[in-house]
1. Report the calculated FRET efficiency for S218 and D79 (r = Cβ-Cβ distance, R0 = 41 Å), to the nearest 0.05.
2. How far apart, in nanometres, would the label points at Q179 and K160 be if each is projected 7 angstrom from Cα along the Cα-to-Cβ direction?
3. How far is it, in nm, from the label point at N130 to the one at D99 when both lie 7 Å from their Cα along the line to the Cβ?
4. May I ask you to compute the full-extension gain from D145 to Q122, defined as 0.36 nm times their residue separation minus their alpha-carbon distance, rounded to one decimal in nm?
5. Take the Cα gyration tensor of the stretch 132-227, multiply each eigenvalue by 5, square-root it, and list the three semi-axes largest first, rounded to whole angstrom.
6. Determine, for each peptide in 215-223, 198-206, the mean count of other beta carbons within 10 angstrom over its residues, then list the peptides with the highest first.
7. Step through the residues of the stretch 88-93 one at a time and calculate ³J(HN,Hα) from phi using the Karplus curve (6.51 cos²θ - 1.76 cosθ + 1.60, θ = phi - 60°), rounding each to whole Hz and writing x for Gly and Pro.
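Nothing in this text is a laboratory measurement; each read-out follows from the coordinates by a stated rule. Predicted, not measured: the structure shown is a model, and the values here were computed from it. We place every Cβ from the backbone using ideal geometry, glycine too, and count neighbours over all the protein chains shown.
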Amino acid sequence: GIAVRLRHEDTAMYLLHRGANWRELPTSSLCTVMPWVAKDKSDELLMRVCSQITKEECACYDEGLQAALGTAAREGLADSVRTLLEKGADPSAPLLPPDQKPLLGAVIHGDEVVVELLVQAQADVNVEFNGKSALTHAASNGRSDIVDLLVEAKADLSFKGPLVGHCAVSAAAGNGHVQAMQALIRSGSRRTRRNSEISAVVAAAFNGQVQAVRALRSAGADLSVVA
């Protein structure tokens, strides 16, 4: 209990691994300890801690699970994510601030397996933070695999943040990620495709991304918008 109150993570985790009884701690400690347990990469310990307390016994049970899920997703810990989802953690995590949402953390970390687990669990695929959606983050990082997952899950292709480059196709083109850019343009309807191509051309040209401009030209995009 002292280790948790003083936030001595290493000591608390050592004691838990040595068999310390979680039930002897105040239930309010759940929100502090659960992220540590998730990050520990021990699925056995995570299951033990989860099973030692119930939602009926602890007012912050949901918050503890969600905090742990956010940590596990950011760290790319697929086994922990799977366990927490099975224990009832909400993949959209309404109790967490936007920058700690599990899907956003998994996308930024670049873990396709964790993203897929969260998408399958019906996480909100349009989560955004600081004017950038999860799809925009994936595009910025050139993760065409994650872009495909989010698009298939009906992520909003038309989302635009407050700054230039904060839409997904502009982010991909501006960073020279040709595959992600092409995947986004292909995914749009005929009506939106031209707007996507224009955004991509402008972003690629502005940032000097020659390969992206060439790919757009080969696909028939109108380059006159930057002439």
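1. 0.45
2. My value for the distance between the label points is 2.9 nm.
3. Modelled inter-label distance: 0.7 nm.
4. Gain on stretching D145 to Q122: 6.5 nm.
5. Gyration-tensor ellipsoid for the stretch 132-227: 19, 13, 12 Å.
6. 198-206, 215-223
7. Values per residue, Gly and Pro as x: x, 5, 7, x, 8, 6 Hz.
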